[in-house]
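Engineer: The structure that follows is given in the form of structure tokens.
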Amino acid sequence: MPTVYKRILLKLSGEALMGDAQYGIDRTVIERIVVEVAGVLQLGVEVAIVVGGGNIFRGMKSAGDGMDRVTADYMGMLATTMNALALHDAMRRNGVISRVQSALRIDQVVEPYIRGKALRYLDERKVVIFAAGTGNPFFTTDTAAALRGMEINASIVLKGTKVDGIYTSDPFKNKDAQRFRSLTFDEAINKNLQVMDATALTLCRDQKLPINVFSIFKTGALKRVIMGEDEGTSVII
């Protein structure tokens, strides 16, 4: 069965990796995510991943508590690298070939980000996991996802979260909140719906790179998005 998208950039928040825990990495959650990724790989889809680090360290919160913002952001980048390594290890144990590339140089641990190598790995059907955000302070991993998505010529950026789409309000607090099936970039920005940060949304809008926000915890949701079914919320021009 043909898929709608050939190459995807999957953004995973650090919070998604900790499951129901207060912090850290839930191995069961990572194993489940790997199974979902393996399923779309079997359909011939090429997968790159940008992972956040909020389950380990939140740079913006620490900066708000008085830590130097640049220092806090670099610590957050290191947290994303820890998550990337955990994801890479889970893929190895499940027979999925992956490579980790970091925007920060940690040569004994991960490869540096090199666009040409990333594209070659994707052509070889390897999963590429991008760590350390953009490598610069003051930019979120959402912005890194938009940037890497454009650099690898992805067909779409998929944001896997705990919520199955974008809602009129927080569905955990308001049971009457309604899910949007689709939004324009301008609507998402003007309504301040917290889809992604404004920089990431603007980058995707300007490059006409669509976004889909879906629940990474719903079994088969990633595959349904790839097949073009009504899953999550699409953000389009």
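Engineer: What do you reckon, is ALA177 open to solvent by 10 Å² or more (accessible area, probe 1.4 Å), of a type outside the set (Phe, Trp, Tyr), free of Cβ contacts under 8 Å to residues at least 24 places away in the same chain and within 24 Å of GLU15 (Cβ to Cβ)?
Structural biologist: yes
Engineer: Which of the residues spanning the range 169-182 are hydroxyl-bearing (Ser, Thr, Tyr) and modelled with pLDDT under 90?
Structural biologist: If the condition is that a residue be hydroxyl-bearing (Ser, Thr, Tyr) and modelled with pLDDT under 90, then SER169 is the only one that fits.
Engineer: Also: Checking the condition on the phi < 0 side of the Ramachandran plot, of a type in the set (Val, Ile, Thr) and open to solvent by 30 Å² or more (accessible area, probe 1.4 Å), which residue from ILE211, ILE216, ILE226, ILE236 passes?
Structural biologist: ILE236
Engineer: Continuing with this model, one more query. The conditions are (1) open to solvent by 10 Å² or more (accessible area, probe 1.4 Å); (2) in contact (Cβ under 8 Å) with a residue 12 or more places away in the chain, and ALA131 fails exactly one of them. Which is it?
Structural biologist: Of (1) open to solvent by 10 Å² or more (accessible area, probe 1.4 Å); (2) in contact (Cβ under 8 Å) with a residue 12 or more places away in the chain, only one is false for ALA131: (1).
Engineer: Among the residues of the range 145-174, count how many are among the β-branched types (Val, Ile, Thr) and open to solvent by 50 Å² or more (accessible area, probe 1.4 Å).
Structural biologist: So the count comes out to 1.
Engineer: Going through ASP123, ASP142 one at a time, which residue ends up being modelled with pLDDT of 95 or more, open to solvent by less than 30 Å² (accessible area, probe 1.4 Å) and of a type in the set (D, E, K, R)?
Structural biologist: Result: ASP142 is the single residue among ASP123, ASP142 that is modelled with pLDDT of 95 or more, open to solvent by less than 30 Å² (accessible area, probe 1.4 Å) and of a type in the set (D, E, K, R).
The values are calculated or read from the model by the stated rules, or taken from the named source; none is laboratory data. Keep in mind that this is a model prediction, so the values were computed, not measured. FYI the Cβ positions are ideal-geometry reconstructions off the backbone, even for glycines, and counts take in every protein chain you see. Surface areas here come from the heavy atoms of the whole protein model, side chains and all, with no ligands, DNA or RNA. Shrake-Rupley method; radii C 1.70, N 1.55, O 1.52, S 1.80 Å.
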